[in-house]
Amino acid sequence: MAAQVPPDAVGRRVLCGTDYATVRYVGSVPPTAGIWLGVEWDDPQRGKHDGTYEGTQYFKCRHPRGGSFIRPNKANFGVDFLTAVKDRYGLNDQQDVQHGTENTLVFGKKTVEFVGMDSIAEQQSQLNQLVDISVRECAVSHAGQKEEIGRTCTSIRHINLSKNLISSWETVTAIASQVQNLETLNISENKIKFPSTSTSVSSVFSKLRILALNQTEITWKEVLLCAPGWPALEELYLTSNNITLSERPDNVLQTLKLLNLSDNQLLDGNQLHLIAHLPRLEQLILRNTGLSSIHFPDATFGCKTKMFPSLKHLAINDSKISQWSSINELDKLPSLRSLQCHNNPFMDTEKNPETLRQLIIAKISQLEVLNKSEALQILPAERKGAELDYRKIFGNDWLAAGGHWNPEKNNPSEEFLAAHPRYLSLCLKYGAPEEGELKRQQPSTLKNQLLTLTIKCPEKPEQKPVEKKLPDSMTIQRVKGLLYRLLKIPGSELKLSYKSSKLEGKEVELDNDLKPLQFYSIENGDCVLVRW
């Protein structure tokens with residue numbers, strides 16, 4: 001018996017074994033007999049041609065070898081939503097799930113052991129109790145009979161429809177229209193045809209807060225055409241869609257708090273200006289976007305931009321930002337608290353990761369978390385150390401550019417202030433660097449320096465003081481390892497502090513094993529005190 005071909009087959013999504021494809025042609029292919037489906041494979045390696053056979057082009061493909069002809073009985077056109085739910089959760093109106101022994105369920109001929117079967121089977125037999133439903137990779141292609149979902153699943157709030165056979169936004173709407181309190185919807189990894197013109201706004205998605213449209217081939221224009229139907233949306237995920245931002249979202253997406261545009265090609269910061277006035281946007285994720293620069297031209301250095309007024313968390317990992325000037329610009333964001341910026345070319349200018357961290361902290365005044373390391377949250381002591389070091393490191397550049405200890409003569413060049421926009425505010429905060437502080441500083445970066453330190457054991461007078469030359473990048477943990485070799489006392493039992501020649505009578509505890517000596521602003525001639 002020949003397989004039934006749906007009347008709307010062209011444009012539909014199908015499964016052939018484990019491979020996904022889109023139907024581009026239905027009909028005969030002479031000289032062979034019978035009906036064929038011309039399909040364009042998601043994986044072009046699966047194909048044989050571009051839709052042309054024996055000189056006749058039956059359909060078109062994006063890839064020159066992305067197409068094939070298959071018989072209809074090889075194509076799975078999918079199932080309706082409710083059938084997939086019942087199959088996924090082992091629920092069936094016709095009692096196909098039979099009770100076996102006390103701790104088993106029987107699915108057809110297959111017996112599955114189940115702990116506490118009675119109570120779980122009782123609970124799962126009620127479809128209307130399901131709140132969070134996932135039918136990922138269940139070959140869902142259509143909504144099914146009208147109103148059936150609404151009658152059967154009355155409690156649904158969260159649906160995962162990712163990687164199915166949904167081919168149109170109308171199908172998504174048909175399913176969602178039967179779910180009264182839908183809050184979360186994931187339709188990622190479906191190749192969907194979205195509306196290309198404005199549609200009448202319905203209340204279908206009136207309560208939707210979270211929407212994932214990753215890998216759906218949606219364009220930014222299509223996002224904005226659909227967005228009036230998402231009046232309460234707070235989180236929108238649009239990764240891997242080849243999106244470029246082309247227009248400003250006026251009167252839509254105004255409730256949005258999180259936007260993920262990762263793995264799209266944004267290329268330059270001007271596109272960001274189009275989404276810069278979303279009033280509630282708190283989190284912007286731009287990983288691997290090709291972003292090469294960031295700038296907020298409405299604000300001068302030292303002032304805050306009116307763009308991204310609520311933005312607290314920014315992720316620009318794996319991008320192409322090569323200039324420190326883009327990091328300077330981030331200080332203009334009024335609410336920024338957290339930054340992820342791993343794997344950008346500007347980071348290659350400094351090989352020491354601790355130094356890199358200090359430079360970024362010093363450049364962005366309100367930053368509290370850097371590169372999502374909660375364990376290394378920026379505490380006041382670390383910020384102070386980073387800012388003091390920055391002030392000293394670039395002190396010689398400041399002097400060369402026209403800076404001066406006398407405020408009346410202090411007039412650094414515009415070029416210097418553009419490269420170091422926070423420098424003057426750091427001098428106001430801590431005072432200008434003294435001449436003695438600058439003599440041994442490298443002007444362009446925090447180079448590792450050897451510190452000559454005296455190591456004393458104040459409670460063990462028989463231990464003579466030892467003088468050691470240590471790099472200022474050496475962590476407290478490694479210092480303890482050195483002392484173990486000298487004193488034969490395990491590092492876990494050692495308590496370290498130091499006295500500065502500049503701070504008479506004051507002792508500072510070295511209490512974080514992961515921090516380097518430079519974090520504590522230890523200098524030549526200081527004395528490290530060891531107790532156990």
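Per residue, the convex hull spanned by the Cα atoms of the chain measures out at 235 cubic angstrom. Taking the 1.4 Å solvent-accessible surface of segment 382-430 as the whole, the part contributed by carbon and sulfur is 54%. Summed over the residues of segment 382-430 and divided among them, the accessible surface reaches 49 Å² per residue at a probe radius of 1.4 Å. These residues, ARG65, ARG151, ARG13, ARG383, go from largest to smallest accessible area, 1.4 Å probe, as ARG151, ARG65, ARG383, ARG13. When ARG280, ARG46 are compared by accessible area at a 1.4 angstrom probe, the order from most to least is ARG280, ARG46.
Taking every alpha-carbon pair under 8 Å whose residues sit at least 6 apart, the chain reaches a relative contact order of 6 percent. Could you let me know the centre-to-centre spacing of segment 144-194 and segment 503-527, using Cα atoms, in angstrom? Each part's Cα centre sits 60 Å from the other's. Angle of helix 380-393 to the longest C-alpha principal axis of the chain, folded into 0 to 90 degrees and rounded to 10: 60°. Straight distance only, please: which lysines reach the Cα of LYS146 with their own Cα at less than 22 Å, same-chain residues fewer than 8 apart left out? Excluding near neighbours in sequence, the set is LYS86, LYS193, LYS207. Judged by the mean number of other Cβ atoms found within 10 Å, the most tightly packed of the peptides 311-320, 407-416 leads the ranking 311-320, 407-416. Once you reduce segment 395-433 and segment 285-355 to the center of their Cα atoms, the two points are 23 Å from each other.
Magnitude of the charge dipole for the chain, about its Cα centre and with charges confined to Cβ atoms of Lys, Arg (+1) and Asp, Glu (-1), is about 860 debye. Which entries of LYS363/LYS409; LYS306/LYS429; LYS48/LYS74; LYS409/LYS429; LYS191/LYS257; LYS320/LYS429 have Cα-Cα distances beyond 22 Å here? Correct reply: LYS363/LYS409; LYS306/LYS429; LYS191/LYS257; LYS320/LYS429. Let me check I've understood the local charge: for TYR423, count other residues with C-beta under 15 angstrom from its C-beta, Lys and Arg +1, Asp and Glu -1. What total comes out? In short, -2. Scaled against 2.2 N^0.38 Å for its residue count N, the alpha carbon radius of gyration of segment 450-531 is 0.99. Straight-line cross-link partners of LYS506 among the lysines, defined as a Cα under 17 Å from its Cα and at least 8 positions apart when in the same chain: LYS456, LYS495.
The values are calculated or read from the model by the stated rules, or taken from the named source; none is laboratory data. Treat the numbers as computed from the prediction; the structure is a model and nothing was measured. Don't worry about glycine lacking a Cβ; one is built from the backbone with ideal geometry, like all the others, and counts go over all protein chains shown. Please note that ligands, DNA and RNA were not included when accessible areas were found on the heavy atoms of the full protein model with its side chains. Shrake-Rupley method; radii C 1.70, N 1.55, O 1.52, S 1.80 Å.
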